[in-house]
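Enquirer: Right, I'll just put the structure down here and ask away after.
The values are calculated or read from the model by the stated rules, or taken from the named source; none is laboratory data. The model shown is predicted, which means the values in this text are computed figures rather than measured ones. Reconstructed Cβ throughout: ideal geometry from the backbone, glycine too, with neighbour counts over all protein chains shown. Accessible surface is based on the protein model in full, side chains and every heavy atom, while ligands, DNA and RNA are left aside. Shrake-Rupley method; radii C 1.70, N 1.55, O 1.52, S 1.80 Å.
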Amino acid sequence: MLKRVALTVVSVLVLFPPGAFCTIETDINNADLQRNELLKKVANGLVSGKVSIEDAQKLKGELDNVVKLETRAQEDPLTSPERLQEINNTLKEIQTHIDASTHPTKVWIGIDSRDRTLDQKITDALDRKAISKEQAEGLKQQYDELRAREANGDPTHGFEFDDAISLAVDTQTLGSNIDKAIAGK
């Protein structure tokens with residue numbers, strides 16, 4: 001029994017020297033850093049309005065799938081080199097998807113506490129009497145809450161993806177609510 005344990009330990013050390021485990025761990029950590037940088041790039045594109053909400057969500061899903069690959073690489077040292085190659089190829093592919101999804105000009109309003117587009121839309125609708133004063137007040141309150149949330153993540157502070165997507169969806173929803181109020185629905 002003791003010989004079998006010793007033989008197993010020696011075999012593992014010959015096949016997988018301790019440095020190999022460190023290299024795999026380092027490579028996985030580097031891939032994780034790259035994945036996080038890509039996620040920041042998606043969040044920045046979303047904030048600037050150059051990546052649509054739908055594309056941002058899809059890209060986030062692709063990046064989340066990389067985490068699964070990283071986990072598999074850590075769990076099975078025998079297949080780690082192949083998994084690392086798969087991770088790197090996937091990250092390159094996602095980079096291509098991000099580039100393709102990032103437009104040179106805005107595709108939606110974006111997240112900017114200084115942007116007054118929705119506020120102006122509410123004011124114009126009230127002036128045209130397309131909405132009531134009460135509706136305008138309610139919409140302005142929602143607008144002010146969004147602006148406060150946007151100011152918290154102002155470019156000097158930065159946005160995490162989850163905050164950016166939440167704000168983006170809420171901004172889009174407010175825009176839809178304004179349109180519905182104007183249409184009388």
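Enquirer: Quick one: length gained pulling Asp144 to Gln74 fully straight, 0.36 nm per residue minus the C-alpha distance?
Expert: Working: separation 70, 0.36 × 70 = 25.20 nm, distance 4.61 nm.
That works out to 20.6 nm of additional length.
Enquirer: I need the semi-axes of the equivalent ellipsoid of the chain: take the C-alpha gyration tensor, multiply each eigenvalue by 5, square-root it, list largest first in whole angstrom. Provide the component values of the computation, followed by the final result.
Expert: Working: eigenvalues 529, 42, 32 Å².
Sorted largest first and rounded, they come to 51, 15, 13 Å.
Enquirer: Among Gly158, Ala130, Gly175, whose Cα sits farthest toward the positive end of the charge dipole of region 60-185 (+1 at Cβ of Lys/Arg, -1 at Cβ of Asp/Glu, about the Cα centre)?
Expert: So the residue furthest toward the plus end is Ala130.
Enquirer: Ok, one more. Run the helix sum for the chain: -39,500 (n - 2.57) per DSSP H stretch of 4+ residues, divided by residue count, reported at 222 nm to the nearest 500 deg cm²/dmol.
Expert: Numbers: 7 runs with 144 residues, N = 185.
The helix contribution divided over the chain gives -27000 deg cm²/dmol.
Enquirer: Would you work out the charge dipole size for the chain about its Cα centre, treating the Cβ of every Lys and Arg as +1 and the Cβ of every Asp and Glu as -1, and quote it to the nearest 20 debye? Each step should come with its number before you reach the end.
Expert: Details: 24 positive and 31 negative charges, 46 e Å.
I would put it at about 220 debye.
Enquirer: Hey, for a label at Val67 modelled as a point 7 Å past Cα toward Cβ, could you say which residues of region 20-52 have their backbone N under 12 Å away?
Expert: 36
Enquirer: Need one number: the % of Cα-Cα pairs in region 126-178 sitting beyond the 17 Å mark.
Expert: Details: 588 of 1378 pairs.
So the portion of pairs separated by more than 17 Å is 43 percent.
Enquirer: Please give the solvent-accessible surface of Asp179 in Å², to the nearest 10, using a probe radius of 1.4 Å with every protein chain present.
Expert: 70
Enquirer: Let me ask another. Measure off, as a whole percent, the carbon and sulfur share of the 1.4 Å-probe accessible area of the chain, all protein chains present.
Expert: Working: 6190 of 11220 Å².
Carbon and sulfur atoms account for 55 percent of the accessible area of the chain.
Enquirer: Another question about this same structure. Could you give the dipole magnitude of region 84-185 about its Cα centre, charging the beta-carbon of Lys and Arg +1 and that of Asp and Glu -1, in debye to the nearest 20? Walk me through the intermediate numbers first.
Expert: Working: 13 positive and 19 negative charges, 118 e Å.
For this selection, approximately 560 debye.
Enquirer: What accessible area per residue comes out for region 56-165, rounded to a whole number of Å², with a 1.4 Å probe? List each step's numbers first, then the result.
Expert: Details: 6610 Å² over 110 residues.
On a per-residue basis, region 56-165 sits at 60 Å².
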